[in-house]
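One structure is given here, and the rest of the page talks about it.
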Amino acid sequence: MRHDHLITSKQLSRGDIETVLDYAAEIDADPSAVADRHADTLLGLLFFEPSTRTKMSFETAMKRLGGDVVDMGSVDSSSVKKGETLADTVRVIEGYTDGLVLRHPKQGAATMASEFVDVPLVNAGDGAGHHPTQTMLDLYTIRENAGLDDLTIGIMGDLKYGRTVHSLAYALTNFDAQQHFISPESLQLPREVVYDLHQQQDGTGIKEHDSLEGVLPSLDVLYVTRIQRERFPDENEYQKVAGEYQIDAETLAAASDELTVMHPLPRVDEIAPEIDETHHAAYFEQAHNGVPVRMALLDLLLSDDTRIGGDSNE
Ligand code: NCD
């Protein structure tokens, strides 16, 4: 059993990413080949925040590898309600399981929790921080639709609080990708993320914009995100930006015919439903890719014959 944690996409090299994506493609082509690989494995699911896709696709992935899950259930029905600390909760549940998947509203929670456990811990979203497994399925979808090198991508919406954006932006610095960040000024990428991206890519691959219009025709991929209402300290601030940066069929008239539209989901009103039926829409395929990608990741993290992820304590 390997004891690596997956906390941020920063810990993954290009080689690690390619290993996961290649393996996910193999599994996608023939899932039956790995159907019994983890027959005795139990994965602990600890979701302190709402989730549909991430939790259910981890559960599906573990079961499709022959294993099973134990689920803490809702915070309201667990001992967290009695005041138990996260450190105590993870230490108890690691004793029942072979790996943990944690989603928590506090940024940094996964790093902290990983210091208390020996089984692999996967960050399934820590507040406005990171969401590395979403990034792997995003990269898989980008690779299938547009390719990861010589890529021009627009990432639009809530870049401040959107953890999927932070993880994706770091991971893309491993590839020849031009990243255009499109948002209102109040929801721009955190300055420390911009600083890091500039360090990693000499700044040549990163541009910030307040409008989609000028950049849309050059894009291979447009990654749209939801305004993260639950993270706004003040509802009035949310109301000021709610409803901005929506796209519909008319918007896409100016796009390349080859444009791939992605979204980590759930969407609220950022993408008009009329786009769903067009050849641009890849967001449901993207969500489905969560299963083979998480099967590949779980197998690599839970097996002792393979290694990815380097040092999670960066
Ligand atoms: C995202 C998340 O939880 O960060 N959802 C997901 O995992 N697919 C995106 C979001 O909630 O907007």
Taking alpha-carbon centroids only, region 81-121 lies from region 253-292 a number of Å equal to 33
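Determine, for each peptide in 163-171, 266-274, 281-289, 11-19, the mean count of other beta carbons within 10 angstrom over its residues, then list the peptides with the highest first.
163-171, 281-289, 11-19, 266-274
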Packing-based order for 62-68, 49-55, using average beta carbon neighbours within 10 Å, highest first | 62-68, 49-55
Nearby lysines by direct alpha-carbon distance to K81 (threshold 20 angstrom, same-chain neighbours under 8 apart not counted) = K106
Would you kindly compute the Cα radius of gyration of the chain and its largest Cα-Cα separation (Dmax), both in Å?
-> 19.0, 55
So which GluC sites (Glu not before Pro) in region 29-126 pass both tests, a DSSP loop state and at most 13 other Cβ atoms within 10 Å of the Cβ?
-> E84, E115
Considering only the other residues whose Cβ falls under 10 Å of the Cβ of A61, what net charge follows from Lys and Arg at +1 and Asp and Glu at -1?
-> +1
What angle, in degrees between 0 and 90 and rounded to the nearest 10, separates the Cα long axis of helix 53-64 from the longest principal axis of the Cα atoms of the chain?
-> 50
Tilt of helix 290-302 relative to the longest C-alpha principal axis of the chain, in degrees (0 to 90, nearest 10)?
-> 40
Straight-line reach check, K207, cutoff 26 Å on alpha carbons, 8 or more apart in-chain or any other chain, hits among lysines -> K10, K160, K240
Summing -39500 (n - 2.57) over every DSSP H run of at least 4 in the chain, dividing by its residue total and rounding to the nearest 500, the 222 nm mean residue ellipticity is -10000 deg cm²/dmol
Carbon and sulfur: what percent of the chain's accessible surface (1.4 Å probe)?
-> 46
On a 0 to 90° scale, report how tilted helix 163-172 is relative to the longest principal axis of the chain, with both axes built from alpha carbons and the result rounded to the nearest 10.
-> 80
If amide H atoms are modeled at 1.01 Å from N in the peptide plane, then the residues at a separation of 5 or more from H131, or on another chain, having amide H under 5 Å from its own are S9, S167
For the chain, what is the accessible area per residue in Å², given a 1.4 Å probe and the full set of protein chains?
-> 43
Max mean-square fluctuation residue, GNM over the chain, Cα-Cα springs under 10 Å, options V221, V261, V70 = V70
Inter-part gap, Cα centre of region 154-189 to Cα centre of region 1-57, in whole angstrom, is 23
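The values are calculated or read from the model by the stated rules, or taken from the named source; none is laboratory data. Fair warning: this is a prediction, and the values are worked out from it, not measured in the lab. In this analysis, Cβ positions are derived from the backbone assuming ideal geometry, glycine residues included, and neighbour counts consider all displayed protein chains. We work out accessible area using only protein heavy atoms, side chains counted, and drop any ligands, DNA or RNA first. Shrake-Rupley method; radii C 1.70, N 1.55, O 1.52, S 1.80 Å.
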